[in-house]
Amino acid sequence: MNLAVIGTGYVGLVTGACLADVGNRVTCVDRDQAKLAMLHAGQIPIHEPGLADVVTRNLQAERLSFTDDLATAVRDADLVFIAVGTPPREDGSADLQHVLAASREIGDAIERDTVVVVKSTVPVGTCDKVLDTLRAALRARGASWQVSVASNPEFLKEGNAVDDFQRPDRIVIGTDDSQALRLLRALYAPYNRNRDRLIDMDVRSSEFTKYASNAMLATRISLMNELSQLAEKLGADIEAVRHGTGADPRIGPNFLYAGAGYGGSCFPKDVQALAHMATEHGVPADMLNSVQTVNERQKRVLFDKVSRHLGTRLAGSTVAIWGLAFKPNTDDVREAPSLALIRDLLAAGARVRAYDPVASGNARREIPDPALEIVSRANLACEGADVLVVVTEWREFKSPDFRWLAKTLQQPAIFDGRNLYEPDYVEECGLRYYGIGRAAGERVH
Ligand code: UDX
């Protein structure tokens, strides 16, 4: 098929490149000239494992191209995807200006009956607005092409996006147009394993499904984070509790990890937007609001532990931090717990020496303060530091030399924000161990 993808952000780029990879001809459209220049050269503006390979081989095969010419891209397209950003506005609602501007431009340009597919995460009811906008643009120029709008939310995880796209656990399509559904069924056939991955529904339910999924996942995390605080007080280990709880198939073992709080571009934004939708419609959003409150509190837990451990020595101390990205395998620091921790430490008069395999540049842009030193190797962060805080579970942090750390750190303690380590072993090596929701470290020595 001939496809146009509007927006070469994380979602648009992965979608466009992967759809080209199975034989479609895909034109990705963006206004950002600097980004286009990079993409033409096969360079990827984000760190996403495997994506550069998919982009490069499809550029070479001339199935994938990048342009700023939206009109030409959509004129020949069987399907036009909208994958532009929907950043949060100050009140928490999603800002639709890019989605609606793209819709207008598409309506101004098409020269045939067209199906527009909304991939951006948009508040329920947006696809109807997109349809109205398209129709208004067509009417304004006296054109009478048939347009329909389908919702097709993405469920990609950063760091695993290519694999998630190629082997989805579900493909959700919301449309009331049978021709659009036929086209999308055909498009997604290569990924529709056993022919049972595709779930079609009405447009609004599809839009809602995306928010409901993220709200459900964020809720599990916040519940575990809240329970972790109680576990510490009660002398229980949240890791054992997670294991025992997750063994119930009704609960399941995934996404039950207590930690430093969730971050990223989706959970914080989507839970907030959903709560906003609820309030707008006069529906209580107690659960959603609590999920957010618990998460904000959780982002301070590591700071509180460091602050209790160092006491009056906190001001003037140096804290080593491993991991700046909001999760491993990405350079994304949006809403990352590391940033909240660093800001709190700097405000308390501490210095920070941080290391991350790929997210240093992005973190530096967020916090230009010279009291944050960013170093190029994990061990360098610890030399001359008082304590070590592990915020992101990158693989290279999973088995450090604890004895070396015990000798190197001035106030030997490790704050394990992701419960990566065996507390007893770490303490045997000469370090105080503080985890999340684990009685060890909290007990009086
Ligand atoms: C999420 C959804 O998983 C994905 O389906 C959606 O399309 C976009 O949002 P992503 O933000 O890339 O994906 O990351 P994810 O792996 O879901 O992690 C989100 C945050 O939750 C991270 O900060 C992670 O550290 C945290 N998390 C995850 C926990 O604290 N505990 C867990 O058990 C799982």
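In segment 101-109 there is no residue that is within 24 Å of the chain's Cα centre (by Cα), of a type outside the set (A, V, I, L, M) and crowded, with 17+ Cβ neighbours inside 10 Å.
Segment 360-419 holds strands (runs of 3 or more DSSP E) entirely within its bounds, and those carrying 3 or more residues that are away from the ligand (no atom under 16 Å from the Cβ) and not polar (S, T, N, Q) map to 372-374.
Rundown of residues vs (1) surrounded by fewer than 16 Cβ atoms within 10 Å (Cβ to Cβ); (2) in the same structural domain as LEU339 (by TED's automatic domain parsing); (3) modelled with pLDDT under 95, yes/no style:
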position	(1), (2), (3)
GLU383	yes, yes, no
LYS398	yes, yes, no
TRP404	yes, yes, no
LYS407	yes, yes, no
PRO412	no, yes, no
PHE415	no, yes, no
PRO423	no, yes, no
GLU427	no, yes, no
HIS445	yes, no, yes
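Return yes when LYS210 is of a type in the set (Lys, Arg) and either surrounded by 20 or more Cβ atoms within 10 Å (Cβ to Cβ) or at positive phi (or both) and no when it is not. When the stated conditions are applied, LYS210 passes them.
Are there helices (runs of 4 or more DSSP H) fully within segment 1-93 with at least 1 residues that are closer than 24 Å to THR133 by Cβ? List them. Explain how you work it out, then say what you get.
Numbers: elements: 10-21, 33-40, 51-60, 70-75.
Once the helices (runs of 4 or more DSSP H) in segment 1-93 are filtered for at least 1 residues that are closer than 24 Å to THR133 by Cβ, what remains is 10-21, 70-75.
Touching a Phe, Trp or Tyr at 6+ places or on another chain (Cβ under 9 Å), of a type in the set (Phe, Trp, Tyr) and within 14 Å of the ligand (Cβ to nearest atom): does that describe PHE165? It is true that PHE165 is touching a Phe, Trp or Tyr at 6+ places or on another chain (Cβ under 9 Å), of a type in the set (Phe, Trp, Tyr) and within 14 Å of the ligand (Cβ to nearest atom).
Table: residues versus (1) more than 13 Å from the ligand (Cβ to nearest atom); (2) more than 21 Å from the chain's Cα centre (by Cα); (3) without any contact (Cβ under 8 Å) to a residue 40 or more places away in the chain.
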{"site": "GLY246", "(1), (2), (3)": "no, yes, yes"}
{"site": "ILE251", "(1), (2), (3)": "no, yes, yes"}
{"site": "ALA258", "(1), (2), (3)": "no, no, no"}
{"site": "PHE267", "(1), (2), (3)": "no, no, no"}
{"site": "HIS281", "(1), (2), (3)": "yes, yes, yes"}
{"site": "PHE303", "(1), (2), (3)": "yes, yes, no"}
{"site": "HIS309", "(1), (2), (3)": "yes, yes, no"}
{"site": "THR318", "(1), (2), (3)": "yes, yes, no"}
{"site": "LEU324", "(1), (2), (3)": "no, no, no"}
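The values are calculated or read from the model by the stated rules, or taken from the named source; none is laboratory data. From a predicted model like this one, the values you see are computed outputs, not experimental measurements. Glycine gets a Cβ as well: all are built from the backbone with ideal geometry, and neighbour counts include every protein chain shown.
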